[in-house]
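A.B. asks: Structure in structure tokens, see below.
What follows draws every value from the coordinates through simple rules; no lab data is involved. All of these numbers come straight from a predicted model, not from anything done at the bench. Ideal geometry is used to build each Cβ from the backbone, glycine not excepted, and the neighbour counts take in all protein chains shown.
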Amino acid sequence: MGAQRTIYMDHSATTFVKPEVANAMIPYFTEHFGNPSSIYSIARESKKAIDVARVQTAKALGADPDEIYFTSGGSESDNWAIKGVAFANRKRGNHIITSQIEHHAVLHTCQYLEKEGFEITYLPVDQYGLVDPAVLEKAITEKTILITIMYANNEIGTIEPIAELGAIARKHKVYFHTDAVQAIGSIPIDVKAQNIDLLSLSAHKFYGPKGTGALYIKKGVRIDNLIHGGGQERRRRAGTENIAGIVGLGKAIEMATADIPGHAAKIRAMRDRLIKGVLATISHTRLNGHPEKRLVGNFNVSFEFIEGESMLLWLDDEGICASTGSACTSGSLEPSHVLLATGLPVEISHGSLRLTLGDANTEKDVDVVLEVLPKVVKKLRDMSPLFVKSGKEGGSNV
Amino acid sequence: MYSDKVMDHFKNPRNVGEIDNADGIGEVGNPVCGDIMKIFLKIENNVITDAKFKTFGCGAAIASSSMATELVRGKTLEEAWEVSNMAVAEALEGLPPIKMHCSVLAEEGIHKAINDYRVKKGLEPWVEKNLHSHEHEDMTCQH
């Protein structure tokens with residue numbers, strides 16, 4: 001064994017930086033390195049570049065450029081949106097609504113706010129990971145100041161009914177934030193049409209650099225600063241701008257949103273062939289997430305009787321990069337909170353595998369995974385005491 | 001994150017399988033916790049002449065089962081009982097702290113198989129002298 005080349009199927013974790021993006025960034029490390037706050041001419045180049053990136057980002061979201069604030073990434077944007085709105089609107093109420101399947105950048109921020117006296121409602125999801133708009137509406141109280149629901153889930157790929165959720169928030173005059181880190185480039189976003197007041201994004205999920213993100217803040221939203229200091233980002237986010245990173249984000253979001261339907265069709269075709277092939281050739285397997293309402297590159301599947309980390313190790317041996325919701329890779333003993341929230345039994349959550357396709361992939365990669373994966377699953381099942389117990393013909397009894 | 005030895009025992013596990021009419025069988029762990037080990041022992045004249053395993057679990061669980069079965073082969077039951085989880089982990093050139101419970105599971109699996117044999121023979125089961133759960137309290141599955 002031993003791989004000839006890397007097959008990267010973990011695009012939801014991060015993406016490679018596209019050469020056009022990297023090339024656009026380079027002059028801002030070496031030539032136009034001036035601090036945008038300075039007065040001399042090379043600094044003006046830096047400032048101009050940030051303005052261009054702001055326009056590119058705004059255009060991708062249907063926002064105005066002065067509603068875009070650059071940050072250090074998705075986690076900062078989520079922290080800023082949630083804490084910023086919470087603290088600025090405390091007098092109006094202390095209730096925040098989110099879902100059980102949010103990214104930890106949202107969940108842990110909400111848990112922190114609970115210690116600060118806020119009340120958080122964690123909405124349940126159905127078996128596909130969908131939040132029910134009717135359930136959201138019922139959860140709203142007089143004290144609700146913020147609703148934060150992710151655009152699309154990073155593990156199972158489920159796309160939430162954002163426009164509907166946003167409309168409910170608007171109707172009740174509650175701010176609506178969405179973590180859209182996974183959605184950029186996969187789904188067309190229009191913050192105005194979808195009633196979104198705040199939106200988080202991160203460049204490294206759409207072929208931009210790590211360490212750069214943005215928060216869209218609709219004009220008029222009451223929000224406190226998170227990072228205090230200098231007057232950058234119109235006095236809302238202190239810190240000398242990561243110029244090259246911001247330039248990269250701008251270029252990357254422009255490229256990622258130039259032809260979303262065309263790009264999505266290509267990725268979806270590969271992903272669907274992968275799903276079909278895996279479900280057809282491997283028994284005792286289930287698709288996690290929604291059959292249609294899912295990110296085009298996302299495939300999340302559970303194989304009964306085996307554990308995820310051992311799968312990843314074998315796949316890595318074949319040069320295939322994937323991830324799992326098993327506890328054994330997370331540093332905790334509980335498997336994925338997302339899979340558990342969909343009602344998947346704990347023991348089956350341990351055997352989950354996430355393959356997320358993107359621009360690093362070709363049809364050939366799908367062929368290789370379809371050839372390798374059944375062998376890996378068989379090898380692990382052959383040494384699993386559960387597989388024998390269950391019997392190869394019968395249904396699951398684990 | 002894993003030592004070469006762990007990867008070797010994960011990728012080329014020794015003694016995978018079952019023993020027909022095994023003299024002692026020990027199953028430990030829980031699918032809810034993400035690992036189950038089943039240890040099979042063949043015992044002749046108080047000596048373990050064969051040891052096999054089947055494991056559902058992570059890389060460290062599979063490697064620990066493989067190493068534990070290697071370590072107890074050819075040993076008397078008294079000697080095998082003394083093979084500790086630390087011995088398994090050391091033979092694997094170390095395990096990440098969060099994976100130490102896998103070696104504990106291997107030790108418990110061997111103990112359970114030995115006691116299964118003793119009970120079948122009408123002997124008193126031996127008593128576990130050290131409880132590992134204190135050492136790895138935060139790493140112990142509560143299910």
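A.B. asks: Run the quick spin-label model on A:Leu287 and A:Asn225: label points 7 Å from Cα toward the beta carbon, then report their separation in nm to one decimal.
C.D. replies: 4.9 nm
A.B. asks: Just counting partner chain Cβ atoms within 10 Å, what average do the residues of peptide A:346-353 show around their Cβ?
C.D. replies: Taking all residues of A:346-353 together, the mean is 4.
A.B. asks: Quick one: what are the phi-derived ³J(HN,Hα) couplings along segment A:214-219, Karplus 6.51/-1.76/1.60 with θ = phi - 60°, whole Hz, x for glycine and proline?
C.D. replies: Karplus values, whole Hz, x for Gly and Pro: 8, 10, 8, 10, 4, 3.
A.B. asks: Right, here's the next one. I need the P(r) histogram for segment A:32-256: all alpha carbon pairs, bin width 10 Å from 0 out to the longest distance, whole percents.
C.D. replies: Taking all Cα pairs of segment A:32-256, the binned fractions are 8, 35, 36, 16, 4, 0 percent.
A.B. asks: Take A:Asp197, A:Asp10, B:Asp4, A:Asp51 and order them by how many other Cβ atoms sit within 10 Å, fewest up front. It would help to have the intermediate numbers written out before the result.
C.D. replies: Working: A:Asp197 25, A:Asp10 19, B:Asp4 9, A:Asp51 14.
The fewest-first ordering by Cβ neighbours comes to B:Asp4, A:Asp51, A:Asp10, A:Asp197.
A.B. asks: Here's something else I'd like to know. Given a 10 angstrom Cα cut-off, can you work out which residue in B:Pro97, B:Pro125, B:Pro13 is the most mobile in a GNM of chain B?
C.D. replies: Its mean-square fluctuation being the largest, the pick is B:Pro97.
A.B. asks: When the dipole is taken about the Cα centre of chain A, and only Lys, Arg (+1) and Asp, Glu (-1) are charged at their Cβ, what size is it in debye, to the nearest 20? Intermediate values should be presented prior to the final figure.
C.D. replies: Values: 44 positive and 46 negative charges, 180 e Å.
Roughly 860 debye, rounded to the nearest 20.
A.B. asks: Given +1 on the Cβ of Lys and Arg, -1 on the Cβ of Asp and Glu, and no further charges, what dipole in debye does segment A:202-264 carry about its Cα centre, rounded to the nearest 20?
C.D. replies: Numbers: 10 positive and 5 negative charges, 61 e Å.
So the magnitude is around 300 debye.
A.B. asks: Express the relative contact order of segment A:1-152 as a whole percentage, based on alpha carbon pairs under 8 Å and six or more residues apart in sequence. Working shown, then result.
C.D. replies: Numbers: 138 pairs, mean separation 26.9, N = 152.
Here the relative contact order equals 18 percent.
A.B. asks: In percent, how large is the relative contact order of segment B:4-139, given Cα pairs closer than 8 Å and 6 or more residues apart? Walk me through the intermediate numbers first.
C.D. replies: On the way: 250 pairs, mean separation 35.8, N = 136.
For segment B:4-139, the relative contact order is 26 percent.
A.B. asks: Please compute the modelled spin-label separation between A:Ala13 and A:His108, points set 7 Å along Cα→Cβ, answer in nm with one decimal.
C.D. replies: Once both label points are built, they end up 1.8 nm from each other.
A.B. asks: Here is a further query. Please give the helix B:100-120 orientation as an angle from the longest Cα principal axis of chain B, in degrees from 0 to 90, rounded to the nearest 10.
C.D. replies: In chain B, helix B:100-120 runs at an angle near 10 degrees to the longest axis.
A.B. asks: Give the angle, between 0 and 90 degrees and rounded to the nearest 10, that separates the Cα long axis of helix B:59-72 from the longest principal axis of the Cα atoms of chain B.
C.D. replies: That works out to roughly 30 degrees.
A.B. asks: Within a 10 angstrom radius of each residue's Cβ in B:4-10, how many Cβ atoms of other chains show up on average? Whole number is fine.
C.D. replies: Values: counts 0, 0, 1, 2, 0, 0, 5.
Mean shielding by partner chains, rounded to a whole number: 1.
A.B. asks: Using only atoms on other chains, find how many Cβ atoms lie within 10 Å of each Cβ of peptide B:49-62 and report the average.
C.D. replies: Details: counts 0, 0, 0, 0, 2, 8, 7, 16, 11, 13, 9, 4, 4, 7.
Mean inter-chain Cβ contacts per residue within 10 Å come to 6.
A.B. asks: In terms of Cα to Cα distance under 21 Å, which lysines are near enough to A:Lys83, apart from those fewer than 8 places away along the same chain?
C.D. replies: A:Lys91, A:Lys115, A:Lys143, A:Lys173, A:Lys218, A:Lys219
A.B. asks: When chain A is modelled as a GNM with alpha-carbon springs shorter than 10 Å, which of A:Asn288, A:Asn89, A:Asn23 fluctuates the most?
C.D. replies: The residue that fluctuates most here is A:Asn23.
A.B. asks: By Kyte-Doolittle mean hydropathy of at least 0.0 and Cα axial length of at least 30 Å, which whole DSSP H helices of chain A are selected? All intermediate terms of the calculation are to be shown ahead of the outcome.
C.D. replies: On the way: long enough: A:41-61 (31 Å, -0.16); A:260-281 (31 Å, 0.15).
Those that clear 30 Å and a mean of 0.0 are A:260-281.
A.B. asks: Separate question: Among the lysines, which have Cα under 17 Å from the Cα of A:Lys251 when same-chain residues fewer than 8 positions away are ignored?
C.D. replies: Correct list for A:Lys251: A:Lys18, A:Lys47, A:Lys48, A:Lys59, A:Lys205, A:Lys210.
A.B. asks: First select every other residue whose beta carbon is under 15 angstrom from the beta carbon of A:Asp190; then total the charges, Lys and Arg +1, Asp and Glu -1. Each step should come with its number before you reach the end.
C.D. replies: Numbers: positive: A:Lys59, A:Arg170, A:Lys192, A:Lys218; negative: A:Asp64, A:Glu67, A:Glu164, A:Asp197.
Value of the local net charge: 0.
A.B. asks: Just to be sure I understand: of the beta bridges DSSP finds with both ends in chain A, what percent are antiparallel, rounded to 5? Intermediate results must be reported in sequence, preceding the final value.
C.D. replies: Numbers: 21 of 38 bridges.
Percentage antiparallel, nearest 5: 55.
A.B. asks: I need to check one value: relative contact order of chain A, counting alpha carbon pairs closer than 8 Å and at least 6 residues apart, in percent. Can you show the working numbers first?
C.D. replies: Details: 808 pairs, mean separation 88.5, N = 398.
Computed value for chain A: 22 percent relative contact order.
A.B. asks: Here is a further query. Describe numerically, in nm with one decimal, the distance between label points set 7 Å from Cα along Cα→Cβ at A:Arg170 and at B:Val47.
C.D. replies: In this crude spin-label approximation the distance works out to 8.2 nm.
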